[in-house]
Structures are given as C-alpha cells and as structure tokens.
Amino acid sequence: MTRRSLILLAAAGSLGLLAGAFFFQALGYAPCKMCLWQRWPHAAAVTLGAVGAFAPLAIVAALGALAALSTGAIGVFHAGVEWKLWEGPSSCTGTGAGLSELSGTDLLSTDISETLVMCDEIVWQFLGMSMAGWNAVLSFALVVVWIAALTRREN
C-alpha cells in the first residue's frame, strides 16, 4: 500500500469511530465529557486524512499517529475511570462536584438529563469492554496504520 492509501485508511478508521459514536448517541446513549474529549483527536485525524489525500507527507502521517495515540490514551484513562481504577474529573464522576454549579431549577429540569452523564458509569459494553475501552483498542490499531504510512517512502 502507498502512503496515501494508508493515510486514507487510517482516516477512514477515525471517521468510522466518530460515526459509531454519533450512532450510539442517536440511539439515546448521551456522551459524557470524556467521551466528547475522545472525539476531537478523531476529528483531527479525519482532517489530516483529507490533507493527506492531496499531500501524503510524512508529517501528515506523524500528526495522524499522534491524534490516534491521543484518543487512545484518553480512552484508556476513561475506561480506568469507569472501572474505578483511578479517579476522573470531579465535574463528571460520582463525586457530583460539578452539580454544585447547577441551580435548583436546573437540577429538577427534565431537559438537562444529557448534561448529567457521568464519566465513571459504563452505559454500554461488549465483550466486557465499554465504548471507551473499544475506542482505545481500535485507536491504537489506527496508530499502527498511521505509523505504517509514516514509514512508507513512496507517496
């Protein structure tokens, strides 16, 4: 495979993971704060893929690998928070520290349910792994594809 095709493959992988995240959101699984953090590096990787389609440079592949590594690392951190291996941000974990910023009306409102998604609760899992865990595994696989693109000499 050429560098261009590997860049496009890796970017398509990030696009697929983003599409999956939005699909689950459409099914009613609202994202927590850390879920949203994991989407930004994928968006960057998709953008880099668009750049790489026209300019398949090594720097594009290196930045794509960094983006995939970033979202994978956030996924590992998020999965660890879900499994209670370490604490997550107080604004979206079971401590409820972020709730102090809400008014009584906000707390009683039925319109705010999506903003109170907790980062330390597993809302969906497959084969014992949550969405954050799957994001980490699949993102690290994309790192391998980005690195393969980086090491290709031809365009």
task: Would you point out the residue of the stretch 78-97, among those that are assigned to a helix (DSSP H, G or I) and surrounded by fewer than 19 Cβ atoms within 10 Å (Cβ to Cβ), that is modelled with the lowest pLDDT?
output: ALA97
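Would you mind stating whether GLU114 is among the acidic types (Asp, Glu), at pLDDT below 80 and within 21 Å of the chain's Cα centre (by Cα)? Spell out the reasoning first.
Working: among the acidic types (Asp, Glu): yes; at pLDDT below 80: yes; within 21 Å of the chain's Cα centre (by Cα): yes.
Answer is yes for this residue.
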query: Got at least one residue in the stretch 122-131 being within 18 Å of SER14 (Cα to Cα), modelled with pLDDT of 95 or more and under 18 Å from the mean Cα position of the chain (by Cα)?
result: no
Residue count, the stretch 3-61 (criterion: assigned to a loop (DSSP other than H, G, I, E, B), of a type in the set (A, V, I, L, M, F, W, C), without any contact (Cβ under 8 Å) to a residue 60 or more places away in the chain and within 27 Å of SER130 (Cα to Cα)): 1
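Assess whether SER14 counts as being surrounded by 14 or more Cβ atoms within 10 Å (Cβ to Cβ), at pLDDT 95 or above, closer than 14 Å to TRP146 by Cβ and touching a Pro at 6+ places or on another chain (Cβ under 7 Å).
On the way: surrounded by 14 or more Cβ atoms within 10 Å (Cβ to Cβ): yes; at pLDDT 95 or above: yes; closer than 14 Å to TRP146 by Cβ: yes; touching a Pro at 6+ places or on another chain (Cβ under 7 Å): no.
When the stated conditions are applied, SER14 does not pass them.
Confirm whether VAL137 is in a helix (DSSP H, G or I), touching a strand residue (DSSP E or B) at 6+ places or on another chain (Cβ under 8 Å), at pLDDT 80 or above and aliphatic (A, V, I, L, M). Please lay out each step first, then the result.
Values: in a helix (DSSP H, G or I): yes; touching a strand residue (DSSP E or B) at 6+ places or on another chain (Cβ under 8 Å): yes; at pLDDT 80 or above: yes; aliphatic (A, V, I, L, M): yes.
The answer is yes for VAL137.
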- prompt: Which condition number in (1) polar (S, T, N, Q); (2) in a helix (DSSP H, G or I); (3) buried (at least 18 other Cβ atoms within 10 Å of the Cβ); (4) modelled with pLDDT under 90 is the one that SER100 fails?
  reply: (3)
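For the stretch 19-56, what are the residues that are under 21 Å from VAL81 (Cα atoms), hydrophobic (A, V, I, L, M, F, W, C) and either crowded, with 16+ Cβ neighbours inside 10 Å or at pLDDT below 95 (or both)?
Our first condition is that a residue be under 21 Å from VAL81 (Cα atoms); within the stretch 19-56, this holds for 21, 24-25, 29-42.
Keeping just the survivors that are hydrophobic (A, V, I, L, M, F, W, C) gives 21, 24, 30, 32, 34-37, 40.
Within the stretch 19-56, ALA21, PHE24, ALA30, CYS32, MET34, CYS35, LEU36, TRP37 qualify.
The values are calculated or read from the model by the stated rules, or taken from the named source; none is laboratory data. Quick caveat, the model's predicted, so the values are computed rather than measured. In this analysis, Cβ positions are derived from the backbone assuming ideal geometry, glycine residues included, and neighbour counts consider all displayed protein chains.
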